[in-house]
1. Looking for whichever is among the charged types (D, E, K, R), in contact with a Phe, Trp or Tyr (Cβ under 7 Å, 6 or more places away or on another chain) and either under 22 Å from residue 104 (Cα atoms) or modelled with pLDDT of 95 or more (or both) here; the options are 69, 83, 50. Which one fits?
2. Take the residues of region 20-36 that are under 22 Å from residue 131 (Cα atoms) and of a type in the set (A, V, I, L, M): which is surrounded by the fewest Cβ atoms within 10 Å (Cβ to Cβ)?
3. Quickly run through region 100-130 and pick out the residues that are modelled with pLDDT under 95, closer than 14 Å to residue 70 by Cα and of a type in the set (Phe, Trp, Tyr).
4. Of all residues in region 85-132, count the ones that are basic (Lys, Arg) and closer than 14 Å to residue 53 by Cβ.
5. Please enumerate the residues belonging to region 68-104 that are touching a residue at least 12 places away in the same chain (Cβ under 8 Å) and of a type in the set (D, E, K, R).
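The values are calculated or read from the model by the stated rules, or taken from the named source; none is laboratory data. Keep in mind that what you see is a predicted model, and the values were worked out from it rather than measured. When we count neighbours, we look across all protein chains shown, and the Cβ atoms used for this are built from the backbone with ideal geometry, even at glycine.
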Amino acid sequence: MDEEGRRHAFGGLELGSDSDGFTADLRVWTVRDYEAQWREGIARLAAGERSSALVTSYAGPGDVIHSMRPMWRVGNTVYLQDRVVTNRDIGPTNVAEQFYEIVGERSTHSDDGTPVSEWAVAFGEVLAFLASE
């Protein structure tokens, strides 16, 4: 619980030789819900989708802030970025699908030309998560 009484969990992604921490909102999804979505998101890439997402914080429907790591597979490399989602249109059903739909095309620079921070990870390392239980 945080100071405001909201349930959350701290997590981390191992991204090749780097790691990135995040705080997952647990008001709507459980830790198991997040893990299931991550498996589904990675499985989409394994099935041939060019993009997918790992939802790292889902706060429920409405005018709230969520976060995700959009992923794009290019050959044997998966590129991940960090993205805040403030979309009011993410409703309570088919949540993961709604995140997948807003990933879009990979861009390495923002609208003002600033490079976007991203990680490049071997696809095999990403697939290793599916083998872990």
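1. Only one candidate passes the filter, namely 50.
2. So, considering only residues that are under 22 Å from residue 131 (Cα atoms) and of a type in the set (A, V, I, L, M), the one surrounded by the fewest Cβ atoms within 10 Å (Cβ to Cβ) is 31.
3. Answer for region 100-130, where residues must be modelled with pLDDT under 95, closer than 14 Å to residue 70 by Cα and of a type in the set (Phe, Trp, Tyr): just 119.
4. Within region 85-132, residues that are basic (Lys, Arg) and closer than 14 Å to residue 53 by Cβ number 1.
5. Correct list: 69, 73, 82, 83, 88.
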